[in-house]
Amino acid sequence: MFHFNSMLQQLREQQNQLRRHERAAALGVLVSGVAHELNNPLSNISTSVQLLLEDDGTSREDLRKQWLSHIDGETERARRIVKRLLDTVRQPIHQMQLYGAARLVQGAALLVHRLLPQDLFLHIEDITDGMLLVDRERMQQVFINLIKNAAHAGAKNIWITGRETTWQESKPINSNNLAGDVTGIGQFTHIMLLHVDDDGPGIPPEYMAQIFDPFFTTQSGGEGTGLGLYLVEEIINEHRGCITVENRPEGGARFSIWLPLERASSDDQTSTCEQELS
């Protein structure tokens, strides 16, 4: 048994080393994409500034305010792009603490709900409150990104559910879209399986294999940076978990997340809430 565990540890270390090399290669992709990602907001800022410079004072006040507002909005958009780029390449300092799964999800919902459409409903249902060892801010970012991703796709309802299970009982039949620490998650006795479902249009099958790639986005007009789901996969991997995506038979997409449980819930207590985001 000791020899077997040693082999598993060596394999995990080799996989981590390979992943570091892959991240270094991905850095080249990220850097090469910076110019493209920033080009749109910078071009829009330049256009608005040019209009202001050429204004001889005869333009309407509402037009000048519109140009200034456009500059402000595009500057903020560029700032967000840079922040996301930095989040993907810098080595984070993790603040690991024990958190209940339900409390973690509810905290993320409170942080994101003001940023979403008023007619979007978020349903947090039947999450057993087993304890997870996580960096709270980074793990909440996972749920924030997934919720925002569903909202941008046009979903009107998002459901988040969770239950305690084992890897053998819950691992996906189709592992083609499985990402994260697939080897590591199987070493834990108890697992928290979380589903983030939506009723949006779903994901075109030809995009499934690229969904966690850096800079991949289906949003038009340069609105998306293509880093949200990439960052989700990175954070899940940091926490020795894995994630997959599929389309639901009834419509919409489902993201499934497996995370190791530090401690199973002491009873059958679950957390359920439903709210309209406004």
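Which far-off residues, 5 or more places away or on another chain, put their amide H under 5 Å from the one on Asp135, with H placed in the peptide plane?
Gln97
Would you mind ranking His239, His195 so that the residue whose beta carbon has the fewest other beta carbons within 10 Å leads the list?
Ascending number of Cβ neighbours within 10 Å: His195, His239.
Whose amide H sits under 5 Å from the amide H of Asp199, counting only residues 5 or more places off or on another chain, with H placed in the peptide plane?
The list, which skips near neighbours in sequence, is Lys156, Asn157.
With θ taken as phi - 60° and the coefficients 6.51, -1.76 and 1.60, list the Karplus ³J(HN,Hα) couplings across segment 203-209 in order, rounded to whole Hz; mark glycine and proline as x.
Rounded to whole hertz, the list is 10, x, x, 6, 9, 4, 5.
Highest mean first, what order results for 58-69, 196-207 on Cβ atoms within 10 Å?
The densest-packed peptide leads the list: 196-207, 58-69.
Sticking with the crude label model, points 7 Å out along Cα→Cβ, report the distance from Leu63 to Gln50 in nm, one decimal please.
1.6 nm
Using mean Cβ contacts within 10 Å as the protection proxy, how do 242-249, 95-102 order, highest first?
In descending order of packing, they fall as 242-249, 95-102.
Bear in mind that the values in this text are calculations on the coordinates, not laboratory data. Note that this is a predicted model, so its numbers are computed, not measured. Don't worry about glycine lacking a Cβ; one is built from the backbone with ideal geometry, like all the others, and counts go over all protein chains shown.
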